[in-house]
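Presented below is the structure to which this report refers.
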Amino acid sequence: MASYPNKKSPDGSFVGSANQVLDQILLRIDNGQHESAENILRQLIKNRPGHAEAWNLRGVNAVRGGGTKLAIKCFTEASNINRDNAVYAANLGNALGLDKSWEQAAGAWSRAILLAPKNPEHQLGLAICMIYQGKTKEALEQGDHALQMHPPPEAIFTFAKSLSKHDQLKPAINAYTAGLAKQPENTEAKFQLGALFQKLGDLKNAVECFRAIHLGDPTHVEALCRLSAIARKLGQKKEAVKTGERALALNPDSAEAHNNLGLALCDLSKYSEAVEHFEAALTTTGALYETLNNLGVAHQALGNLDAAENFLRRALTISSSLPAADRNLGNVLRQAERFDEALSCYQHALKKSPLDFTNYANIGLLLINLNRPSDAITIYEKALSLKPNHLAIRKSLGIAQLQSGNLREGFRNYEARLAKKDCFSKIPRWSPDCNAHSVLVTAEQGFGDTLQFCRYLNRLVEMGLEVTFACQPTLVRLMRTVNAAITVISNNDKAPETDTHIPLLSLPFALGSTLETIPADCPYLSADEALTPKWRKISDKPIKSVGLVWSGNPHRQDDRMRSCPPKLLHKLLCMKEIDFYSLQKEGIPTGFEEITDLGCHLTDFAETAALIKSLDVIVTVDTAMAHLAGALGRPVWVMLGNTADWRYFLERNDSPWYPQMRLFRQKKPGAWADLISDVAKALRDWASSQNRFSDEQ
């Protein structure tokens, strides 16, 4: 039986045999009394410097007390005294590993294996050293050999953790699975296994792991957070919010739960609520890169660009190898039309993540915004040299080529947009050399695209094909004026059986369009004569009439670049020699008595076409209205931001698509006031010339 210290004796003084003293040391180590244990061990070693176990226990005490250097010294002494003891060699290997001295650690573990070849823990210790030395293949072979020897689960989990840390995800999954087969109640291991499945994209198995944890422990907040994140990934937006709220109810101070719920709310476009949770996460944990980044994204979605910029710049003050905040700040600056600053942010993101193709896409788009399509082409081609099958990049390359006027190659690469299968994928694709009698053409994008490219349907009729055109319901009446030989249906209707199929915007590629061969015969659409009488009150007036459209879809991220602030229109509306009519569907702002609102009367595009025929000029930003007026052969003036869509090309004031179209371009980003002044001057000159012409007649 061990003897206890005399109460009058100083701490670390014992009487009794060496074994009794060692028992007391072990008791103190287990109780966390490391300083006391160290004092006793020093006394023991002073009296018996050749006592290997005393040195070993001193090393154990040092490891548990955080003294790695002392531990290495002690285990080395123990091993030198007793070179046949595998435990001492293994302890030395473990201590050297804690010190990240992996080469020496591997030597110690190798000696332990030599002394005890059937001990799988020693085998795993060596495998871990090999992982950290970069000897991945040898480490995996060593680990597989060790796992076949049935090591204890704790050793397996340590090995699995090392594999995971070095991105050996599948081997780590195998190791965690093996460990859990021996110790299925280990919640931490099960959580790590689920996290690995999640990282690999195996969401089914990840969900099984996290649900199993939740069933065993309904209060496990981290598992609920993971389930919420996976629900987001699977597109289960409401489930993601519901699960996030359950996690937060269990722990209202959980930053992860707040952050996770905020992301789920963002997916539902509930950005104001999301901001509240991101701010709560900041309050709980302080400034974290991810939370600040999320706040920036949410504020951008709310249109709070100044706040978004502030949070993202705060995120960038925190050291991180992640490119998210650089990229998102670039998005904010791009939206604010601060293009040069945005380009710098995107370039920083690319340096952090050279193989992240989102960065190439952003830089290319920014160069297009800067009217530098040639530079954008270079960026996209570099990205495609790294990943030739990246369809989104190839589509963007096509847009850059189209902007530069290279329609043949541009439309060829723009075909990459069709990677996703549609409901007509089983019908053979039409091409000029195929043996077909009938073709189904489908409108695939916005109203403006349909209005611009429906001109190509006439080419198909001229080739002797039976053409069916499926388009947006509100365009059906108007599209029936393209050609009486074409069957026009809604894309909500059941399509008839045809020999072939082709998307509308693939026709320019299939027909080999170039700038010189664009079918620019306008009009190619016409207004229904039955609808025009109601607008004669406009056309019969002696005063000139101008239709105005100043904004597009406010939900488009780039709408700020193409929509004109309404207050600037007063420079136009003050002209008494012109009647102005608003064609905006949403009506007109208050204080615009000089303009007549006709938007509420425009029920479909056929009705709008009849109105346009009654107006002398249409002045519009880049919306479907520009294409409708152009297709009807009406004079149309388009007000373009400094960054214009590819179909307006560069530096032109006319359009090869519409002979009656006149383009007004900003001289610099956001310079709407100067552009409106140019339009106002042009309108005065036009009105004056029209009046002179009338007088001469």
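Each reported figure results from applying straightforward, stated rules to the coordinates on display, with no laboratory input. Keep in mind the model is a prediction, meaning the values are calculated, not measured. For neighbour counting, all protein chains shown are included, and Cβ atoms are generated from backbone atoms with ideal geometry for every residue, glycine included.
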What dipole magnitude, in Debye to the nearest 20, does the chain give about its Cα centre under +1 on Lys/Arg Cβ and -1 on Asp/Glu Cβ? 1220 debye
Using a simple spin-label model with points 7 Å from Cα along the Cα→Cβ vector, what separation in nm is obtained for Ser321 and Glu497? 6.0 nm
Pair-distance profile P(r), taking every C-alpha pair of the chain, with 20 angstrom steps and integer %: 13, 33, 28, 14, 9, 2, 0
What is the extension gain from Cys600 to Glu273, computed as 0.36 nm multiplied by their sequence separation minus the C-alpha to C-alpha distance, in nm to one decimal? 114.3 nm
Say R0 is 45 Å: what FRET efficiency, to the nearest 0.05, do Asp84 and Thr177 get from their beta-carbon distance? 0.80
Can you run phi through the Karplus equation (6.51, -1.76, 1.60; θ = phi - 60°) for region 646-651 and list ³J(HN,Hα) in whole Hz, with x for Gly and Pro? 4, 5, 9, 6, 10, 6
Nearest-5 percent of antiparallel DSSP beta bridges in region 438-517? 0 percent
Sticking with the crude label model, points 7 Å out along Cα→Cβ, report the distance from Arg64 to Ala287 in nm, one decimal please. 4.2 nm
quick note, region 529-696, DSSP beta bridge pairs, % antiparallel (nearest 5) is 5 percent
Can you list the residues, at least 5 places off or on another chain, whose amide H is less than 5 Å from the amide H of Trp637, using H built in the peptide plane? Ile618, Val619, Thr620, Arg662
Residue-averaged 222 nm ellipticity for the chain, from DSSP H runs of 4+ at -39500 (n - 2.57), nearest 500: -17000 deg cm²/dmol
Reach of Lys237 by Cα under 15 Å, taken over aspartates and glutamates that are not fewer than 8 positions away in the same chain: Glu245, Asp267, Glu273
Rounded to the nearest 0.05, what FRET efficiency do Asp521 and Cys574 give with R0 = 56 Å and r taken as the Cβ-Cβ distance? Could you check? 0.90
Could I have the simple spin-label model distance between Ser490 and Asp356, label points 7 Å from Cα toward Cβ, reported in nm to one decimal? 4.4 nm
The chain, relative contact order [Cα under 8 Å, separation at least 6], %: 6 percent
How do 490-496, 602-608, 332-338 rank on mean C-beta neighbours within 10 Å, highest first? 332-338, 602-608, 490-496
Which residues qualify? For Glu444, with a placed amide H closer than 5 Å and at least 5 residues away or on another chain, they are Leu504, Leu505
Gain on full stretching of the segment that runs from Glu409 to Glu141 - 0.36 nm per residue minus C-alpha separation: 91.4 nm
One would report the antiparallel percent of DSSP beta bridges in the chain, rounded to the nearest 5, as 5 percent
Mind listing the phi-derived Karplus ³J(HN,Hα) values for region 459-471, rounded to whole Hz, using 6.51, -1.76 and 1.60 with θ = phi - 60°, and x for any glycine or proline? 4, 5, 4, 4, 7, x, 8, 7, 10, 10, 10, 9, 9
List the residues, sorted by chain then number, that are 5 or more residues from Glu466 or on another chain and whose placed amide H is less than 5 Å from its amide H. Ser438, Val439
Using 0.36 nm per residue of separation minus the Cα-Cα distance, give me the extension gain between Asp306 and Thr514 in nm, one decimal. 70.6 nm
Residue by residue through region 518-533, the couplings from Karplus 6.51 cos²θ - 1.76 cosθ + 1.60 with θ = phi - 60°, in Hz, x for Gly and Pro, are 4, x, 9, 6, 10, x, 10, 10, 9, 7, 5, 4, 5, 9, 7, x
Cα-Cα over 31 Å, subset of Lys137/Lys182; Lys537/Lys681; Lys242/Lys585: Lys242/Lys585
Kindly state, to the nearest 0.05, the FRET efficiency for Gln690 paired with Glu208, given R0 = 51 Å and r defined as their beta-carbon distance. 0.10
